[in-house]
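Comments concern the structure below.
Please treat every number below as a calculation from the coordinates, not as lab data. The structure displayed is predicted, hence computed values, not measured ones. Cβ placement follows ideal geometry from the backbone for every residue including glycine, while neighbour counts extend to all protein chains displayed.
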């Protein structure tokens, strides 16, 4: 019985830690990253995750023609500059921030509505450390009202 209780306690602590980390990351997105969208209007969704150096993530989102959009990427100070690309369904790279001074923002408008892939990567820092840096990374979307 004691082993079952101990296992339950460990699972409960692990679940609380993961939930707490996500909550802190979502809070970071709300308080810090949302400001990057100004003067665009936030779409209401918070896309945030804890990532470590060397990790990548992808997100797919539909964008509509004739609408002005802003994509903003933001990460905690512990992380190096976040790389991001926007790719269409035909694997054409529409935007790559590594070719644009590591900009964290991209403003755009599409001629046709389409589903785009936003790929982000936390590069490995050039500094030698015992453990890789880890922190919250958020992708925020905004639009302009017409």
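Using alpha-carbon positions, what is the distance between the centroids of the stretch 95-146 and the stretch 26-77, in Å?
Result: 8 Å between the Cα centres.
Rounded to the nearest 0.05, what FRET efficiency do residue 102 and residue 146 give with R0 = 25 Å and r taken as the Cβ-Cβ distance? Could you check?
Details: r = 31 Å, r/R0 = 1.23.
Using R0 = 25 Å, I get an efficiency of 0.20.
Can you put 110, 79, 35 in order of Cβ neighbours within 10 angstrom, beginning with the fewest?
Values: 110 16, 79 20, 35 12.
Lowest to highest Cβ neighbour count: 35, 110, 79.
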